[in-house]
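The values are calculated or read from the model by the stated rules, or taken from the named source; none is laboratory data. All values derive from a computational prediction rather than experimental measurement. Don't worry about glycine lacking a Cβ; one is built from the backbone with ideal geometry, like all the others, and counts go over all protein chains shown. Note: accessible area is taken over every heavy atom of the protein model, side chains too, but ligands, DNA and RNA are not part of it. Shrake-Rupley method; radii C 1.70, N 1.55, O 1.52, S 1.80 Å.
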Amino acid sequence: MSDVTRYRIHQIVDNGQIIQMSLAEDVQTEPISQKQMILDSVAKKLDPELRDQVQPLLEAILQAQPTIKMKSYDQATISITMPRVRYERMGRPQVGETLEVNIFRSK
């Protein structure tokens with residue numbers, strides 16, 4: 001089984017003959033607030049009648065808390081070190097560009 005994933009280049013370090021690239025998974029996520037995550041979690045755990053009673057109280061408590069935006073997906077990161085010749089054969093990708101990485105278990 002193989003999995004082709006797009007990675008965005010975040011950093012390139014050029015040491016003359018060796019190139020080091022830091023990549024992060026290219027995933028677009030919508031930020032979600034910590035408040036919304038708590039409300040959703042409570043809604044799943046309680047029966048509808050109890051949820052209707054608790055929800056206004058919980059919203060009042062959380063209203064006083066600052067809204068913290070959280071990403072809902074942890075990105076995979078990869079660091080690659082390669083000879084300059086191979087980097088140039090790839091077309092010299094730059095920071096912000098994306099690369100496709102094929103990861104699979106060899107037999």
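A few remarks follow.
- One residue from ALA64, ALA43 being over 30 Å from THR98 (Cα atoms), at pLDDT below 85 and open to solvent by 80 Å² or more (accessible area, probe 1.4 Å): ALA64
- For segment 2-16, a tally of residues being of a type in the set (Gly, Ala, Ser) and modelled with pLDDT of 95 or more returns 0.
- Of the residues making up segment 87-97, those that are touching a residue at least 24 places away in the same chain (Cβ under 8 Å) and open to solvent by 70 Å² or more (accessible area, probe 1.4 Å) are GLN94, VAL95, GLU97.
- Scanning segment 67-76 for residues that are modelled with pLDDT under 85 and in a loop (DSSP other than H, G, I, E, B) turns up THR67, ILE68, LYS71, SER72, TYR73, ASP74, GLN75.
- Cβ separations smaller than 8 Å between residues 6+ apart or across chains give the following pairs from segment 33-50 residues that are within 15 Å of PRO66 (Cα to Cα) to residues that are of a type outside the set (Phe, Trp, Tyr) and assigned to a helix (DSSP H, G or I): LYS35/LEU62; ILE38/LEU58; ILE38/LEU62; LEU39/GLN55; LEU39/LEU58; LEU39/GLU59; LEU39/LEU62.
- If you check MET21, MET82, MET37 for being touching a strand residue (DSSP E or B) at 6+ places or on another chain (Cβ under 8 Å) and part of a helix (DSSP H, G or I), only one passes: MET37.
- All conditions in (1) touching a residue at least 40 places away in the same chain (Cβ under 8 Å); (2) surrounded by 11 or more Cβ atoms within 10 Å (Cβ to Cβ) hold for GLU100, with the sole exception of (2).
- Within segment 18-40, if we keep just the residues that are acidic (Asp, Glu) and within 30 Å of ARG84 (Cα to Cα), the residue that is modelled with the lowest pLDDT turns out to be ASP26.
- Verdict on LEU50 being loosely packed, with under 13 Cβ neighbours inside 10 Å and part of a helix (DSSP H, G or I): yes
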